[in-house]
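Here is the structure we will look at.
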Amino acid sequence: MPKRAFELIVSGAGPVGLATAIAARVALGPRARILVCDPLLRRPRRSLLAYALSAAPRRLLENIGAWRRLGPVQPIERMEITDSELRDIVRQSFLTFEADMASGEPLAVMVGHDDLVMALIETARASSIEFREESISAIAQRGTSVEVTLSSGETLAAGVLAACDGAQSIVRERAKIPVVSWDYQREAIVATVQTERDHEGCAVQHFLPAGTLALLPLPSRRFSIVWVEKPEDAKRLCEMPKEDFEFELQRRAGHAFGKLSVVEGPQHYPLRLQIARRFHAERLVLLGDAAHTTHPLAGQGLNLGLRDVGFLMQQFADAARLGLDIGTAEQLEGYERSRRAETVVTLGTADTLFGLFTTPAARALRDAGLGIVDCSTPIKSALMRQAAGEAGELPELLRREPVDV
Ligand SMILES: Cc1cc2nc3c(=O)[nH]c(=O)nc-3n(C[C@H](O)[C@H](O)[C@H](O)COP(=O)(O)OP(=O)(O)OC[C@H]3O[C@@H](n4cnc5c(N)ncnc54)[C@H](O)[C@@H]3O)c2cc1C
């Protein structure tokens, strides 16, 4: 059996895996050996995804030193929600949220996937995180270590293995952790579009009969669009000539921002709800999409994943301060307890919204509901606090106070 050389091995160099490795450096100190494995390390797939990051996950990125390495980001100052039929001439707004002018805190901040991963890789290198451009092919628990076999056949041992290898996680499969999962029978079309008129940081979510169309503001008068359709329609739309695609997009988006011209994309992504039955096994934890995936209409997938990182690291830091082993069943159960309820509620809320907005008969009900929420400042404030991820007790890395890095 190889000697336990690493405190932590992370499988997956997506945003959650990289944030886990850097945050572990903060939690465990400079002497801990931390390794990230990903077969696509030097040739990551180019992604058009852009994330609306809420306040607490953003603070995690600030507290681990990655935020300052990002290029220009776009704050969302206002959000409008409309509910209409495709043929309606006006997309009437039923609910609006405004940024809190007093605190200067935007509703969320838009960050491109590729920019975020680049900033995290730079931060990880500066934090002496080690990398292997390999996948993990086998795992075995041995005493107080987990033994990890890489695709090259090399075997390494660590105190804990963090599975951050995405929705199709091999590590989760090897650990025989089952998932509860269902297919939404919808795909998200993602593209970057240029607008004619300035969006002034306004995000718009149009609820239409087939699904949602979100226009999420990016710097330089651009939007990241997330447009949900049935799989056969998504395929047809993505394969049509650019001018026809733009015409269909404009029909749905309306003319509030002038002409919309596609500058990148479209790409399309299947949508599933998925949650692992357990977020840990012996010497193993699941974070991010390896643990849960959700419908993007509430923009919560990565936000949840970064919150996983904050809660796991609080567990690790508390154990390390007392000189305890970070990978015992008790520690990993503590992480699971801190994450399961919030994850189930977040996935359930997105699922309920999806059902409510794709049932034509529920339109009168939801419009009445949206109208009531729009008129009630306390309900809106509570919803905004929930979306910002600031409800309940937060671990250190998700709080506002700066942490030593
Ligand atoms: C259309 C759309 C819009 C979205 N919008 C938002 C939003 O606005 N806000 C938000 O919070 N979330 C959003 N999300 C969700 C977000 O994209 C995911 O939650 C997030 O990317 C998950 O990150 P991750 O690091 O867990 O997984 P991934 O990004 O999937 O990364 C997994 C990594 O693991 C690597 N890997 C795979 N197999 C192995 C292996 N065997 N060994 C080692 N490495 C491996 C992969 O190469 C990859 O680098 C959206 C999702 C979609 C589809």
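Quick notes on this one:
- Of the candidates 119, 124, 138, the single residue that is over 26 Å from the mean Cα position of the chain (by Cα) and on the phi < 0 side of the Ramachandran plot is 138.
- In segment 173-188, the qualifying residues are those that are within 11 Å of the ligand (Cβ to nearest atom) and open to solvent by 20 Å² or more (accessible area, probe 1.4 Å), and the one that is modelled with the lowest pLDDT is 186.
- Taking first residues from segment 316-339 that are not assigned by TED's automatic domain parsing to the domain that holds residue 158 and open to solvent by less than 40 Å² (accessible area, probe 1.4 Å) and partners that are assigned to a loop (DSSP other than H, G, I, E, B) and acidic (Asp, Glu), no Cβ contact under 8 Å between residues at least 6 apart in sequence or on separate chains turns up.
- Residues in segment 137-166 that are in contact with a Gly (Cβ under 9 Å, 6 or more places away or on another chain), within 15 Å of the ligand (Cβ to nearest atom) and open to solvent by 10 Å² or more (accessible area, probe 1.4 Å): 137, 164, 165, 166.
- Residues considered: 302, 306, 287. Of these, the only one that is over 21 Å from residue 180 (Cβ atoms), within 9 Å of the ligand (Cβ to nearest atom) and touching a residue at least 12 places away in the same chain (Cβ under 8 Å) is 306.
- The lone criterion from (1) modelled with pLDDT of 95 or more; (2) not assigned by TED's automatic domain parsing to the domain that holds residue 286 left unmet by residue 166 is number (2).
- Residues of segment 8-26 satisfying the condition of being out of contact with any Asp or Glu (no Cβ under 9 Å at 6 or more places or on another chain) and away from the ligand (no atom under 12 Å from the Cβ): 8, 22, 23, 25
- Of all the numbered requirements in (1) open to solvent by 10 Å² or more (accessible area, probe 1.4 Å); (2) in contact with a strand residue (DSSP E or B) (Cβ under 7 Å, 6 or more places away or on another chain); (3) assigned by TED's automatic domain parsing to the domain that holds residue 106, residue 203 misses one, and that requirement is (1).
- Output for segment 30-49, where each listed residue is within 7 Å of the ligand (Cβ to nearest atom) and crowded, with 19+ Cβ neighbours inside 10 Å: 37, 38, 49
- Restricting segment 108-136 to residues that are among the hydrophobic types (A, V, I, L, M, F, W, C), out of contact with any Leu (no Cβ under 6 Å at 6 or more places or on another chain) and in a helix (DSSP H, G or I), the residue that is farthest from the ligand (Cβ to nearest atom): 126
- Residue within segment 65-77 that is buried (at least 18 other Cβ atoms within 10 Å of the Cβ) and part of a strand (DSSP E or B) present: yes
- Candidates 56, 19, 24, 13, filtered to the one that is open to solvent by less than 20 Å² (accessible area, probe 1.4 Å) and assigned to a loop (DSSP other than H, G, I, E, B): 13
The values are calculated or read from the model by the stated rules, or taken from the named source; none is laboratory data. Predicted model only: the values in this text are computed from it and were never measured. Quick reminder, even Gly has a Cβ in these numbers, built from the backbone with ideal geometry, and neighbours come from all protein chains shown. All accessible areas refer to the heavy atoms of the entire protein, side chains included, with ligands and DNA or RNA removed. Shrake-Rupley method; radii C 1.70, N 1.55, O 1.52, S 1.80 Å.
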